[in-house]
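Novice: One structure, pasted below without further comment.
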Amino acid sequence: MKIAVAGAAGRMGRLLVKTVFQTPGCVLSAGTVLPDSGLEGEDIGLLAGIGELGIGAVSSSKEAFLQSDAVLDFTAPEASVENARLAAEYGKILVIGTTGLSEGQKKQVEEASLKTKILMSPNMSVGMNVLFSLVEKAAVLLDDSYDIEILEMHHRFKKDAPSGTALELGRRAAAGRGVRLEEKACFERCGFVGTRPDGQIGFAALRGGDVAGEHTVIFAGQGERIELTHKASSRESFAQGAVKAALWLEKQPSAHGLYSMKEVLGL
């Protein structure tokens with residue numbers, strides 16, 4: 001399977017290049033960089049620190065799609081929407097791990113997924129997707145007397161907050177309670193905010209250092225609390241999950257709307 005990496009010079013992009021190169025059954029076909037990065041033509045193997053591969057970085061996403069069966073995209077919302085359009089136009093597989101997309105941008109990706117096989121997930125790791133399921137099940141079992149708080153921490157370079165993973169944890173908790181997250185979420189507390197409303201789902205986002213990703217969902221009751229935590233010590237699990245998703249998509253018969261890691265892992 002010929003796989004290209006969008007944003008091959010980025011932190012996640014370099015790891016994706018390395019993971020695709022090392023995965024049996026995959027051939028690294030292309031890697032894109034920003035037009036004004038000064039890196040066009042640079043060997044993506046050297047950018048990833050794995051040695052020269054003879055594959056020069058390109059600034060044209062169209063060129064990357066034409067050279068590939070699938071594209072892995074952990075870039076930025078605007079770029080991911082454009083890549084979804086290109087995937088639909090050329091009938092190629094697209095795996096999106098980008099977070100921070102607006103509702104309008106998500107709708108554009110969903111529309112593209114009706115024409116080709118696209119998977120989008122805020123977190124590609126096996127462990128986190130298991131946690132998604134556990135949180136939803138816990139929310140079914142624990143009523144509103146257990147307050148739900150979601151705490152996440154990421155490296156200082158992350159641009160969106162709360163993380164896409166934290167928001168998905170919130171959506172799963174809300175689904176378990178039979179409510180919509182938009183109606184129950186609290187993203188900020190400052191000053192005299194009064195007592196905590198029943199059923200509220202709170203979020204706290206921490207940023208600093210080189211933390212790959214840590215998420216904890218707290219169910220706080222009277223006299224006890226349950227904490228479900230996932231800690232990523234590196235981004236390798238995200239990259240491995242993305243490649244796993246691309247290989248899984250290749251075996252699916254056709255487009256049917258957005259796929260998710262839940263389906264890939266059979267959760």
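The values are calculated or read from the model by the stated rules, or taken from the named source; none is laboratory data. Just so it is clear, the structure is predicted and the values come from calculations on it, not from any experiment. Glycine also receives a Cβ, built like all others from the backbone with ideal geometry; neighbour counts cover every protein chain displayed. Ligands, DNA and RNA are stripped out before the accessible areas are found, and what is left, the full protein with its side chains, is counted by its heavy atoms. Shrake-Rupley method; radii C 1.70, N 1.55, O 1.52, S 1.80 Å.
Novice: Quick test of the membrane-span-like rule: which DSSP H helices of the chain reach at least 18 Å along their long axis (C-alpha atoms) with mean Kyte hydropathy at least 1.0? Kindly include the intermediate steps, with their values, before the conclusion.
Specialist: Working: long enough: 77-90 (20 Å, -0.50); 126-141 (23 Å, 1.53); 164-177 (20 Å, -0.29); 236-250 (22 Å, 0.35).
Span-like helices here: 126-141.
Novice: Whole-Å semi-axes of region 195-267's equivalent ellipsoid, largest first, each the root of 5 times a Cα gyration tensor eigenvalue?
Specialist: They are 33, 19, 11 Å, listed largest first.
Novice: Counting only residues 5 or more places away or on other chains, whose amide H sits under 5 Å from the amide H of Gly31 once H atoms are built in the peptide plane?
Specialist: Val5, Val58
Novice: Under the rule that an exposed site lies in a DSSP loop and has at most 12 other Cβ atoms within 10 Å, name the longest stretch of the chain with no GluC sites (Glu not before Pro) of that kind, not counting the sites themselves.
Specialist: The longest uninterrupted stretch comes out as 53-187.
Novice: Sticking with this one: Take the alpha carbon atoms of region 238-267, find their center, do the same for region 200-216, and report the distance between the two centers in whole angstrom.
Specialist: 26 Å
Novice: Something else about it: Treating the beta-carbon of each Lys and Arg as +1 and of each Asp and Glu as -1, no other charges, what is the dipole magnitude of region 62-174 about its Cα centre, to the nearest 20 debye?
Specialist: 360 debye
Novice: Sort Met153, Met12 by heavy-atom solvent-accessible area, probe 1.4 angstrom, most to least.
Specialist: The residues order as Met153, Met12, largest area first.
Novice: Dividing the convex hull volume of the alpha carbon atoms of region 146-209 by its residue count, what do you get in Å³ per residue?
Specialist: Convex hull volume per residue, Cα atoms: 91 Å³.
Novice: Give me the distance between the Cα centres of region 46-108 and region 142-156, rounded to whole Å.
Specialist: Cα centres, region 46-108 to region 142-156: 32 Å.
Novice: To continue, here is another question. Calculate for the chain the 222 nm mean residue ellipticity that helices alone would give, adding -39,500 (n - 2.57) per DSSP H run of length 4 or more and normalising by residue count, nearest 500 deg cm²/dmol.
Specialist: Dividing the helical sum by the residues of the chain leaves -11000 deg cm²/dmol.
Novice: Still on this structure, I have one more. How many percent of the accessible area of the chain is carbon or sulfur, using a 1.4 Å probe?
Specialist: Here it works out to 51 percent.
Novice: Let me ask another. What does the charge count around Phe203 come to, taking other residues whose C-beta lies under 9 Å from its C-beta (Lys +1, Arg +1, Asp -1, Glu -1)?
Specialist: That works out to -3.
Novice: Report the dimensions of the chain along its three principal axes from the alpha-carbon atoms, largest first, rounded to Å.
Specialist: Taking max minus min along each principal axis of the Cα atoms, the chain gives 61, 40, 32 Å.
Novice: Here's something else I'd like to know. Which lysines, if any, have their Cα less than 26 Å from the Cα of Lys107, not counting same-chain residues under 8 positions apart?
Specialist: By straight Cα distance, Lys107 reaches Lys62, Lys92, Lys115, Lys117, Lys158, Lys159, Lys184, Lys244, Lys251, Lys262.
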